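**Student:** One structure is given below, represented as structure tokens, and several questions about it will come after.
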Amino acid sequence: MNCLPIPLKLGKSLRVSVALLIAAGLLVCAYRGWRESRCWVTTDNAYLEGPVHPLAARLIGTVNEVLVEENVRVTQGQILIRLDPRDAETRREQNEAKLTEAKAALAAAEAHVVSVQANAQLNDVAVAKARLDLERMRRLTHGERVAVAVQELDHAQAAYDTANAALNAAQCAIASAAAEVDVARAKVTSAAVALKESQLQCEYTILTAPVNGRVGRRSVEAGQPVIPAQPLLALVSDDLWLNANFKETQITSLKPGQAVSIRFDAFPGREWSGCLESLSPASGSRFALLPPDNATGNFTRVVQRLPVRIRLAANCRRELGPQLVPGLSAKVRVRVGEWPQWDVKHFMADNLTW
């Protein structure tokens, strides 16, 4: 009977000790959470993004050859698809012939200008000769002694007028020939533009990769007819980044250049580093297809999200390589401050670890 209180006392002491340990653990966890909230800003609303370049036809044609399969890696400038070039080559040859014809017409117009200019020079000489003859006849007729008949004076006057009219006609012919040269030059320019366009059409029959990346969503096969702007495949670029959507209550301390810790859902247990690159100029709802109108009567206050762009570290790209694809989910933590050194020493003195 006298031994019973001892185990009861021990059991009570054990329960008290366990309760104290649990309380101490809860306090430590609460402290660590509070400390975490002061030094880091966290969100699990983050996704890997990257530019997707759609490759589309630029002319009407038929696919001759598809040189790549889906999911393969390609380099910038690599030929991916060939279209039937015969129609484009035929138009190019027609435009080459038109350009040659326009150049020949220009040469003929320029030669005609030279011809009418020479004719105008002859008429100018004829006018000068007719003027001299007329002046001579006038002197002979109006002098003290009339040496020629009045009829000869009239003939000289008529010859002068005729030469003058021919000169005026030659000058008009020069202006007309110059206008023809301008028209011929315009036709040459138009034919040259048409030829350049047909050459571009020939180049458009070969579709190349605009950037380095991997092929996805291929929807074209050999023999398939295509039209302009028809998407044929998509090319996912190697330039990737993270879009993290933070609550508007979390962006107070976010600034470009801050260090970021990244955990991808696809690679549990591994952590990568990054850098906060920029903040969006507007909340995500403002870029939505139907932005909310808060002036309506059914207003409901919702915490907005602000997209933040995060650049991945080089070692993350190098180690994960093709496993990094747009659309992967991630959890990110942005370091927004440092814990005071005095506080760390204080808790280290109490043998606390975290």
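The values are calculated or read from the model by the stated rules, or taken from the named source; none is laboratory data. Model, not experiment: these values are computed from the prediction. Cβ placement follows ideal geometry from the backbone for every residue including glycine, while neighbour counts extend to all protein chains displayed.
Conditions (1) among the small types (G, A, S); (2) on the phi > 0 side of the Ramachandran plot, marked per residue:
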| residue | (1), (2) |
| --- | --- |
| L240 | no, no |
| N245 | no, no |
| S253 | yes, no |
| G257 | yes, yes |
| S261 | yes, no |
| G269 | yes, yes |
| W272 | no, no |
| C275 | no, no |
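**Student:** Here is a follow-up. Just need a number here: residues in region 209-264 that are under 26 Å from the mean Cα position of the chain (by Cα), exposed (fewer than 15 other Cβ atoms within 10 Å of the Cβ) and of a type in the set (V, I, T).
**Tutor:** Of the residues in that region, 1 qualify.
**Student:** Taking the condition of being assigned to a helix (DSSP H, G or I) and either surrounded by 13 or more Cβ atoms within 10 Å (Cβ to Cβ) or at pLDDT below 70 (or both), how many residues in region 17-58 meet it?
**Tutor:** Filtering region 17-58 down to residues assigned to a helix (DSSP H, G or I) leaves 17-39.
Filter once more, so that each one left must be either surrounded by 13 or more Cβ atoms within 10 Å (Cβ to Cβ) or at pLDDT below 70 (or both): 24, 27-39.
Total satisfying the criteria: 14.
**Student:** Right, here's the next one. Are any residues in region 63-98 closer than 21 Å to L200 by Cβ, of a type in the set (A, V, I, L, M) and surrounded by 17 or more Cβ atoms within 10 Å (Cβ to Cβ), and if so, which ones?
**Tutor:** V63, L80, I81, L83, A88
**Student:** Still on this structure: Filter region 72-90 for residues that are assigned to a helix (DSSP H, G or I) and touching a residue at least 60 places away in the same chain (Cβ under 8 Å); which is nearest to the chain's Cα centre (by Cα)?
**Tutor:** Pass one, region 72-90, residues assigned to a helix (DSSP H, G or I): 86-90.
Filter once more, so that each one left must be touching a residue at least 60 places away in the same chain (Cβ under 8 Å): 88-89.
On the way: A88: 26, E89: 29 Å.
Restricting to residues being assigned to a helix (DSSP H, G or I) and touching a residue at least 60 places away in the same chain (Cβ under 8 Å), the top hit is A88.
**Student:** Select the strands (runs of 3 or more DSSP E) contained entirely in region 192-263, then report the ones holding at least 2 residues which are more than 25 Å from E93 (Cα to Cα).
**Tutor:** Values: elements: 206-208, 213-216, 231-237, 241-247.
By residue number, 213-216, 231-237, 241-247.
**Student:** If the Cβ limit is 6 Å and pairs must be 6+ apart or interchain, which residue in region 298-317 that is part of a helix (DSSP H, G or I) pairs with which residue that is modelled with pLDDT of 85 or more and surrounded by 14 or more Cβ atoms within 10 Å (Cβ to Cβ)?
**Tutor:** Hits for this filter: C316/W272.
**Student:** Can you say whether L106 is modelled with pLDDT under 90, outside any strand (DSSP E or B) and in the same structural domain as Q199 (by TED's automatic domain parsing), as far as the supplied structure shows?
**Tutor:** yes
**Student:** Restricting attention to region 37-64, and to residues there that are in contact with a strand residue (DSSP E or B) (Cβ under 8 Å, 6 or more places away or on another chain) and among the hydroxyl-bearing types (S, T, Y), which single residue is farthest from L232 (Cα to Cα)?
**Tutor:** Going through region 37-64, the residues in contact with a strand residue (DSSP E or B) (Cβ under 8 Å, 6 or more places away or on another chain) turn out to be 39-57, 59-64.
Those still in the list that are among the hydroxyl-bearing types (S, T, Y) too: 42-43, 47, 62.
Values: T42: 40, T43: 37, Y47: 26, T62: 12 Å.
By that ranking, first place goes to T42.
**Student:** I've got another one for you. Got a sec? Which of L207, L276, L232 is touching a Ser or Thr at 6+ places or on another chain (Cβ under 9 Å), at pLDDT 90 or above and not polar (S, T, N, Q)? Walk me through it before giving the result.
**Tutor:** Values: L207 fails: touching a Ser or Thr at 6+ places or on another chain (Cβ under 9 Å); L276 fails: touching a Ser or Thr at 6+ places or on another chain (Cβ under 9 Å).
L232 is the lone residue from the list that is touching a Ser or Thr at 6+ places or on another chain (Cβ under 9 Å), at pLDDT 90 or above and not polar (S, T, N, Q).
**Student:** Which of (1) touching a residue at least 12 places away in the same chain (Cβ under 8 Å); (2) among the small types (G, A, S); (3) not in a helix (DSSP H, G or I) is the odd one out, the single condition S285 does not satisfy?
**Tutor:** All conditions are met except number (3).
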